[in-house]
Number of protein chains: 2
Amino acid sequence: MNSDIRNNRMSNATLTVLKADHTPLANQEVMIEQTRHKFLFGTAAFDLVPLTNGEYAGERKEQAEQRADKLTALFNAATLPFYWARFEPQRGKPMTEQLKNAANWCIHHNLLVKGHPLCWHTLTADWLLSMSNPEILRAQTVRIQREVSNFRGLIDMWDVINEAVIMPIFDKYDNGLTRLCKEMGRINTIKAMFAAARTENPSAILLINDFDVSPAYDILVEGCLEAGIQIDVIGIQSHMHQGYWGVEKTLKVLDQFTRFNLPIHFTETTLVSGQLMPPEIVDLNDYQVEHWPTTPEGESRQAEETVQHYKTLFSHPLVKGITWWDMSDGGWLNAPAGLIRKDGTIKPAYEELMKLVKGEWWLAPTRLRTDEDGQIHFSGFLGDYALTYAGYRKSFSVSRETASAIEVQL
Amino acid sequence: MNSDIRNNRMSNATLTVLKADHTPLANQEVMIEQTRHKFLFGTAAFDLVPLTNGEYAGERKEQAEQRADKLTALFNAATLPFYWARFEPQRGKPMTEQLKNAANWCIHHNLLVKGHPLCWHTLTADWLLSMSNPEILRAQTVRIQREVSNFRGLIDMWDVINEAVIMPIFDKYDNGLTRLCKEMGRINTIKAMFAAARTENPSAILLINDFDVSPAYDILVEGCLEAGIQIDVIGIQSHMHQGYWGVEKTLKVLDQFTRFNLPIHFTETTLVSGQLMPPEIVDLNDYQVEHWPTTPEGESRQAEETVQHYKTLFSHPLVKGITWWDMSDGGWLNAPAGLIRKDGTIKPAYEELMKLVKGEWWLAPTRLRTDEDGQIHFSGFLGDYALTYAGYRKSFSVSRETASAIEVQL
């Protein structure tokens, strides 16, 4: 393990175990084990919507459940889809209940949920096209307030705005958001969307998110911060259908954003296990293929690159989460971007990630003996833990702040 | 002439000529002629510094004077060099007097002067390297205040900051400004530089200037405006050593900036009359050649493209100035970018520009007869004019605001 990971992700913990009478549990063997990472190891989990809403049956349901088991075994966070065009295909009939079912399922399976996205020019509602810009702004604002309010407590983390760099100059087709953003400017659009979300859930974690990692994006973040917009997390997409960025580019991208001293999430991380998309494609959506198979060589490459990418990001102190995109092959662009093949079997990348996330970077059940003050000392990754002793099972957390003085009362 | 030029650059003027006794000069023939464009047709005029400071002698002096004559015959604005490394090669010994001589010469030759640039990571003072960032900020601020104050009245237009998009990530060599900008961020750096300039000359025209015409630049401008920085003019470089942008790209670039409704200057316009620089060059400064000859074919192409480029820009209502870069061949990068060849003769581009600026877009001396109210009506380009009658010569201006009611008192 490299020293950056040790320094940025671990803590030397001192735990005092107290008996029911508040006296130290001296000279006893206890067991501790990690139960959750503080770091968000997430994945796009759109598949959970049909699964949790009874849309699968028979063998398909069984397969979906197996995929879900693999998801929860590895990850502690899930991104659920709120694309306006799909979430509210008929105006006034949003899929609120379906998404609540999915979000509840996630929470019961220890997955922190993020909603994605609240405002985006792609897959926005097509009825905006008949509106004036003030009407579009109102509709978009009301939609944000509705979702953030309805899901408060279930979803307290949102990609508020997606791809604002290109939003006002997006020229593939007419849409309400591009019109609005062109008139209002990027910063004022972002300001309005963040304000709408913040009003309904002041303590929510609100992200800006973009695939553009040129200076345009860090300048936009700077402009937003100067304009007083409270961005909680900077979201960076890394859809590497055309090839792994490599460590150098990844660090260079991170370097652009470190000066803000804000948490960074890699929100959409793609590494394919088949042939690479040709480099001349500019908009990934232009690459439409019927078959894009996973290959043995591709799977080896994907596994290696995944390990490298996660190690690079996990080493960086400001990165607080990585979301894989998608969990299974055949999602966006029909790409072999999954950790799971179409037949439901896992790829080497899944196994390698598991070795890191629940192996090298994880404290497995460990027996330790308390000293005469009831203390144990251990080095662990930031997150949640359980202590078991004589039929008791107590949970505790290891954070930077509390690591030196954790108390567990039996 | 296209209708955009007519609509955006001309006015239908009504001029009332009054005799000394304030009664109308009825039914008399007068002559009017344009003397100056409101639009800034400018050029980099670095050559004027040695010329006006006695650094040329004999034949070289004669040649420089001939070049200067050609400059003043065509242009009404000049950009003078304030590159810190050259302006103050020895710390504490700035070339203030030399630049004052050049600026005075310009003013006496009806050239509006712009100083370029006050803050730039390239050609900045190398003694900044031994300073801490707070010291660099102070030195840079003091330098701006000194120049803007010393030249107030002579130079009231400044490129305050040059190439801020790349400034904090410029990685060719260490320099004080990149260090500062990396720490402060672009917007705060720009804010500090504009504040320093504004304090010393509140009515100065202050520009931001960049070669980057990607969304990064318009996002930066938006961020600056949101942060309350008063940018008077957006400066856009267009060094087309690798080939003319063409109308479509030019309009697209303009389109990015029109939403700010701020004046736009094309501050550094280059079209070469020799072979094009290879497209793979990213930083133009990397292309170093000993010989880069002007060719007959290149000169024809340059002339055509120049006409096209100036027509495109002159048609756009927000563009208020175009600066050619350089006046003579063999300047920056030794490029055949001049309107004048190394032997002092003019190229077709010079002649074509002259046909526009002092021909198609100009009111040559014209005889008109006043009506019984002493009025004449004419259509003219915005700018300054002279009326002559019976030994009198009176000047007047045609602006959007006054065009319908101009009075000239003999």
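Taking N as the number of residues in segment B:35-194, what is its Cα Rg relative to 2.2 N^0.38 Å? Numbers along the way, then the final one.
Working: Rg = 17.0 Å, N = 160, 2.2 N^0.38 = 15.1 Å.
With N residues counted in segment B:35-194, Rg over 2.2 N^0.38 Å equals 1.12.
Using only the alpha-carbon atoms of the protein assembly as shown, report the extent along each of the three principal axes, biggest first, to the nearest angstrom.
Ordered largest first, the protein assembly as shown gives principal extents of 116, 62, 52 Å.
Across 10 Å bins from 0, what is the distribution of all Cα-Cα pair distances for segment A:141-236, in whole percents?
16, 49, 30, 4
Treat each spin label as a single point 7 Å out from the Cα along the C-beta direction, and report the B:Ile169 to A:Asn53 distance in nm.
Taking the simple label geometry, B:Ile169 and A:Asn53 are separated by 3.9 nm.
How long are the semi-axes of the equivalent ellipsoid of segment A:1-115, taking √(5λ) for every eigenvalue λ of the Cα gyration tensor, in whole Å from largest down?
For segment A:1-115, the ellipsoid semi-axes come out as 39, 18, 15 Å.
Using the Karplus curve 6.51 cos²θ - 1.76 cosθ + 1.60 with θ = phi - 60°, what ³J(HN,Hα) values do you get for each residue of segment B:390-400, in whole Hz, with x for Gly and Pro?
6, x, 7, 9, 10, 9, 8, 10, 10, 10, 3
What is the helix-to-structure angle for B:186-200, meaning the angle in degrees between its Cα long axis and the longest Cα principal axis of chain B, kept from 0 to 90 and rounded to the nearest 10?
Once rounded, one gets 50 degrees.
Which residue in chain A puts its Cβ closest to the axis that rotates chain A onto chain B, and at what distance in whole Å?
A:Gly223, 1
With respect to the cross-link table entries B:Lys38/B:Lys61; B:Lys191/B:Lys252; A:Lys191/B:Lys191; B:Lys19/B:Lys358; A:Lys320/A:Lys394, which display a Cα-Cα separation exceeding 23 Å?
Those over the limit are B:Lys38/B:Lys61; B:Lys191/B:Lys252; B:Lys19/B:Lys358; A:Lys320/A:Lys394.
Tell me the distances, shortest first, between B:Ser214 and the same position across the other copies, using label points 7 Å along Cα→Cβ, in nm to one decimal.
0.4
Once the piece of chain linking A:Glu200 and A:His109 is laid out straight, how much longer is it, given 0.36 nm per residue of separation minus the C-alpha distance between them?
Between A:Glu200 and A:His109, full extension yields 30.2 nm more.
For segment B:111-181, evaluate the Debye formula with one uniform point scatterer on each Cα (no solvent term) and list log10 I(q)/I(0) at q = 0.12, 0.14, 0.18, 0.19 Å⁻¹, rounded to two decimals.
-0.33, -0.45, -0.70, -0.76
Under a 5 Å amide H to amide H cut-off, with H placed in plane at 1.01 Å, what residues pair with A:Ala164 once short-range neighbours are removed?
A:Asn209
What do you get for Rg/Rh over chain B if you use C-alpha atoms and the Kirkwood form of Rh? Please report the intermediate quantities before stating the final value.
On the way: Rg = 22.5 Å, Rh = 22.7 Å.
Across chain B, the Cα-based Rg/Rh ratio is 0.99.
Relative contact order (percent) for chain B, with alpha-carbon contacts under 8 angstrom and 6 or more residues of separation? Show your work: numbers first, answer last.
Working: 789 pairs, mean separation 114.3, N = 410.
Contact order relative to length: 28 percent.
So what is log10(I(q)/I(0)) for segment A:328-389 at q = 0.21, 0.23 1/Å, when the Debye sum runs over its Cα atoms only?
For the requested q values the scattering log ratios are -0.88, -0.96.
Taking neighbour counts of Cβ atoms within 10 Å as a proxy for exposure, in what order, fewest first, do A:Ser130, A:Ser328 appear?
The fewest-first ordering by Cβ neighbours comes to A:Ser130, A:Ser328.
Sequence-distant or interchain residues sharing an amide H contact under 5 Å with A:Gly330, placed H: which?
A:Ala335, A:Ala337, A:Gly338
Can you list, shortest first in nanometers, how far A:Asp384 lies from the same residue in the other copies, with each label 7 Å from Cα toward Cβ?
Taking the point 7 Å beyond Cα along Cα→Cβ, the inter-copy spacings are 7.7 nm.
Would you list which aspartates and glutamates come within 17 Å of B:Lys93, measuring only between C-alpha atoms, while excluding same-chain residues fewer than 8 positions from it?
Partners found: B:Asp126, B:Glu147.
Hey, got the Cα dimensions of segment B:282-410 along the principal axes, in Å, largest first?
The Cα atoms of segment B:282-410 stretch 66, 31, 21 Å along their principal axes.
Report the antiparallel proportion of the DSSP beta bridges in the protein assembly as shown as a percent, rounded to a multiple of 5.
Counting DSSP beta bridges with both partners in the protein assembly as shown, the antiparallel share is about 40 percent.
I need the Kirkwood Rh of segment B:151-202: take the reciprocal of the average 1/r across all distinct C-alpha pairs and report it in angstrom.
After inverting the mean inverse Cα-Cα distance, the result is 12.0 Å.
Over what distance in Å are the Cα centres of segment A:1-46 and segment B:258-292 separated?
Taking the Cα centre of segment B:258-292 as reference, the centre of segment A:1-46 is 58 Å away.
Amide H neighbours of B:Ala204 under 5 Å, counting only residues 5+ apart in sequence or on other chains, H built in-plane at 1.01 Å?
none
Provide, for q = 0.23, 0.30 Å⁻¹, the log10 of I(q)/I(0) from a solvent-free Debye sum over equal Cα point scatterers in segment A:1-58.
Scattering profile of segment A:1-58, log10 relative to I(0): -1.06, -1.21.
If you put a point 7 Å past Cα along the Cβ direction, how far is that point for A:Glu55 from the same point in each other copy, in nm, smallest first?
Sorted ascending, the copy-to-copy spacings read 7.3 nm.
Out of all Cα-Cα pairs in segment B:235-337, roughly what percent, to the nearest whole number, are more than 25 Å apart?
Tail of the P(r) past 25 Å holds 21 percent of the pairs.
Would you order B:Asp326, B:Asp171 from fewest to most other beta-carbon atoms within 10 Å of each residue's own beta-carbon?
Ascending number of Cβ neighbours within 10 Å: B:Asp171, B:Asp326.
Could you check the simple spin-label distance between A:Ser3 and A:Lys355, using points 7 Å along Cα→Cβ, in nm with one decimal?
Between A:Ser3 and A:Lys355, the simple spin-label model gives 2.5 nm.
Where does each of B:Ser273, A:Ser404 land when they are ranked from fewest to most other beta-carbon atoms within 10 angstrom?
Working: B:Ser273 28, A:Ser404 12.
The order, fewest Cβ neighbours first, is A:Ser404, B:Ser273.
Report, in degrees rounded to the nearest 10, the 0 to 90 angle that the Cα long axis of helix B:133-150 makes with the longest principal axis of chain B.
It is inclined by approximately 20 degrees.
Given the rule -39500 (n - 2.57) for each run of at least 4 DSSP H residues, summed and divided by the residues of the protein assembly as shown, what is its mean residue ellipticity at 222 nm, to the nearest 500 deg cm²/dmol?
Estimated from H runs of four or more residues: -10500 deg cm²/dmol.
Mind giving me the FRET efficiency for B:His377 and B:Asp255? R0 is 41 Å, r the Cβ-Cβ distance, nearest 0.05 is fine.
0.70
Bear in mind these aren't lab numbers, they're just calculated from the coordinates by the rules spelled out. The structure presented is a predicted model; accordingly, all values stated were derived computationally and were not measured. Heads up, the Cβs are rebuilt from the backbone with ideal geometry, glycines too, and the neighbour counts pull from every protein chain shown.
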